[in-house]
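So the structure is just underneath, and the comments pick up after that.
The values are calculated or read from the model by the stated rules, or taken from the named source; none is laboratory data. Remember, it's a predicted structure, so these values are computed and weren't measured experimentally. Note: ideal-geometry Cβ built from the backbone for every residue, glycine included; neighbour counts use all protein chains shown.
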Amino acid sequence: MIHQWNMIFFLTAILVTIADQLTKTWVQSYAEGYTIFRTEFFQFAHSRNTGAAFGLFQDHSFVLAIVALFATFTILLFTLFFWHQLSIFGNTLGRTALGLMLGGTIGNLIDRLRFGSVTDFIDFRVWPSFNVADAAITVGAILFAYSLAFSTRAEKH
């Protein structure tokens, strides 16, 4: 039987991956460089990124795919096998955070393996453009850090 926390983890990861791939498919229907929607501070504009966050490591998509595979394996390993040793893996917030990070990692990995780059489209013009997967990874990391700080504090009392 699948434990409730594993259901939360896997459901979150699956939903993020699906949302990421659906939005990227929609954006890819427009030509690269095409602006789909624009306001004064925000736009949806189709772009490709062969690097990592903030445009780092451009044209290293293969290496980044290997890093994503390693990250996927590590998240699965800790979540499925070591959850009982660390309290952060045994609570809803921690599992949700890990599901967000896993789903985002898989979403971008799919792009790297299919296209050799990642489709970005959310652009606030003062920040590098990003996608649903990037947002999920970032929110997941913030929630994970919060959960880690909260569970560490709770264990000390």
Q. Only one of Phe82, Phe44 is modelled with pLDDT of 90 or more and aromatic (Phe, Trp, Tyr); which?
A. Phe44
Q. What about Asp134, is it charged (D, E, K, R) and touching a strand residue (DSSP E or B) at 6+ places or on another chain (Cβ under 6 Å)?
A. no
Q) Among the numbered criteria (1) at pLDDT below 90; (2) more than 14 Å from Gly140 (Cβ to Cβ), which single criterion is violated by Leu93? A) (2)
Q: Restricting attention to region 99-142, report how many residues are in a helix (DSSP H, G or I) and surrounded by 16 or more Cβ atoms within 10 Å (Cβ to Cβ).
A: 22
